[in-house]
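Reading through the structure tokens given below for one structure.
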Amino acid sequence: MEYERIGLSVPEILLPRQGADLTRWAVVACDQYTSQPGYWERVKSFVGSAPSTFHFILPEAYLEERDPLKEAERIRVSMNEYLEQGVLVSQEPGFVLVERTTARGAVRRGLMVALDLECYDFHENSRSLIRATEGTVVDRLPPRIKIRENAPLEAPHIMVLIDDPEKTVIEPLFAGDLETVYDFDLMENSGHVRGYRIRRKETLDAVARALERLADPALFAEKYGVEGKDVLLYAMGDGNHSLATAKEIWEAMKNTAADRKAVMDHPARYALVELVNLHDESLTFEPIHRVVFNTGLDEIFSSMESFYTAQGSSFSVRRCISCDDFQPYPPKESGAHLISFVSGRECGTISIGRPRLSLEAGTLQSFLDACLPGMQAGKVDYIHGDETVRELASRPGTTGFFLPAISKLDFFRTIILDGTLPRKTFSMGHADEKRFYLECRKIIR
């Protein structure tokens, strides 16, 4: 069942058969804990030989030491074995209503649906119904494409945001009698998750009508105070590169099909995602910090000064007398971007006056993109959580930069007016609050 106007499809979701150990089955997104391979070693040990989505992924912590082609074949074999052995069971067409309790006690609600990739464009200045919210790094797609293009299944960690302040789409579903399809604790003390079956036609139609109202052009223009702008209904929250991978594969399949009309009903046209309301009380936009490895602090600052002054900005460093008093989030100053740093026993704040870009994340990222490749062995990672930054920055030759969070209240309007944000600008919660791989869907005929 499709609702083409809003790019919505009712998926046939697969879940592990009754009796499966779901705590071992569900694994956090592969792009988490990239600088903490110990996390993934614990997951591997805990899962063992049990059925698990761990066997469907290549954690990005291992990207540089694993052969993507071999990993893609391993994953394909695992998926086919699970299908042949009846490990996965069809739940029949319908949505799954998700209730995720994080380790910190917050409850996030979402809805598993399929979205039409024909309505998605991840490129800069996109005007599509589904849009990327941050810049897509095309170089990150090839390993993911190798894995997905021959895979019989998808098991997504994608979360897509809707801007529904009146809570008309997801929240009313919790008021009815709910049939539980899973209810279990997540591994690594990551909280709890429950799922409920949504498959009555009148309920599916009600969800579609509520989304259609959000996509009404006149109401959209009034809501955001814009004229002549194409409707943005779905904005990427997490998993943009995974959705971009699905889009690339779908475009290649469509463009090489012998029968273009026949291929349009192929399951690869759609991608399974979790819709989350931007106004869910649990949803917080956490900053994504930067950690630079294998580069001395003086070399970084020297390069920063040259880079920023060359573009007409000023640059200065304020060092703390004692890191006991260090504040990673200094008060904002008019006309300047303040970004705190920590490196070994040094800490302080850099100030970039007359910044060329509007967000601190963009100001710092523009420097890293332009200058880090010239710093010999320099490498950057994107880190969630202040304490992880501090721990990593205690190592020799390592510097952590703290970035402030952005406001979610202006999120959609910013995307509508300015286009995509600088990459890795925000994160929806901490690493252990990310979506776990759980529900599956066939992407082959």
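The values are calculated or read from the model by the stated rules, or taken from the named source; none is laboratory data. All figures in this text were calculated on a predicted structure; none of them were measured in a lab. Cβ sites come from the backbone with ideal geometry, for glycine too, and all protein chains shown count toward neighbours.
Does any residue in region 26-49 that is over 18 Å from residue 240 (Cβ atoms) and in contact (Cβ under 8 Å) with a residue 60 or more places away in the chain come within less than 8 Å, Cβ to Cβ, of a residue that is hydroxyl-bearing (Ser, Thr, Tyr) and part of a strand (DSSP E or B) six or more places away or on a different chain, and which pairs are these?
26/437; 27/437
For region 398-445, name all the residues that are on the phi > 0 side of the Ramachandran plot and touching a strand residue (DSSP E or B) at 6+ places or on another chain (Cβ under 7 Å).
424, 429
Could you give me the residue pairs with C-beta distances under 9 Å whose first residue belongs to region 164-189 and is over 21 Å from residue 202 (Cα atoms) and outside the structural domain of residue 203 (by TED's automatic domain parsing), whose second residue is of a type in the set (Asp, Glu) and assigned to a helix (DSSP H, G or I) wherever it lies, and which are 6+ apart or on separate chains?
Qualifying pairs under 9 Å: none.
Could you please find all residues in region 144-188 being assigned to a loop (DSSP other than H, G, I, E, B), more than 21 Å from the chain's Cα centre (by Cα), more than 17 Å from residue 275 (Cβ to Cβ) and among the acidic types (Asp, Glu)?
177
Applying the selection to region 355-372, what residues are more than 25 Å from the chain's Cα centre (by Cα) and either surrounded by 20 or more Cβ atoms within 10 Å (Cβ to Cβ) or assigned to a helix (DSSP H, G or I) (or both)?
355, 371
I'd like the full set of residues that are in a helix (DSSP H, G or I) and not acidic (Asp, Glu), limited to region 189-209.
201, 203, 204, 206, 207, 208, 209
Could you tell me whether any residue of region 257-267 is modelled with pLDDT of 95 or more and either surrounded by 16 or more Cβ atoms within 10 Å (Cβ to Cβ) or assigned to a helix (DSSP H, G or I) (or both)?
Yes, region 257-267 contains at least one residue that is modelled with pLDDT of 95 or more and either surrounded by 16 or more Cβ atoms within 10 Å (Cβ to Cβ) or assigned to a helix (DSSP H, G or I) (or both).
Kindly state which helices (runs of 4 or more DSSP H) lie completely within region 1-116 and contain at least 3 residues that are in contact with a Leu (Cβ under 7 Å, 6 or more places away or on another chain).
68-84
When you scan region 231-254, do you find a residue that is in a loop (DSSP other than H, G, I, E, B), assigned by TED's automatic domain parsing to the domain that holds residue 438 and free of Cβ contacts under 8 Å to residues at least 40 places away in the same chain, even just one?
Among the residues of region 231-254, not one is in a loop (DSSP other than H, G, I, E, B), assigned by TED's automatic domain parsing to the domain that holds residue 438 and free of Cβ contacts under 8 Å to residues at least 40 places away in the same chain, which makes the answer no.
When only residues in region 268-305 that are polar (S, T, N, Q) and touching a residue at least 12 places away in the same chain (Cβ under 8 Å) count, which is surrounded by the fewest Cβ atoms within 10 Å (Cβ to Cβ)?
Only one residue tops the list, namely 294.
Residue 135 passes all but one of (1) of a type outside the set (D, E, K, R); (2) touching a strand residue (DSSP E or B) at 6+ places or on another chain (Cβ under 8 Å); (3) surrounded by fewer than 22 Cβ atoms within 10 Å (Cβ to Cβ); (4) modelled with pLDDT of 95 or more; which number fails?
The number of the failed condition is (4).
Output the number of residues of region 147-170 satisfying the condition of being acidic (Asp, Glu) and touching a His at 6+ places or on another chain (Cβ under 9 Å).
3
Please verify whether region 78-91 includes one or more residues that are out of contact with any strand residue (DSSP E or B) (no Cβ under 9 Å at 6 or more places or on another chain), surrounded by 15 or more Cβ atoms within 10 Å (Cβ to Cβ) and under 26 Å from residue 141 (Cα atoms).
Checked region 78-91: at least one residue is out of contact with any strand residue (DSSP E or B) (no Cβ under 9 Å at 6 or more places or on another chain), surrounded by 15 or more Cβ atoms within 10 Å (Cβ to Cβ) and under 26 Å from residue 141 (Cα atoms).
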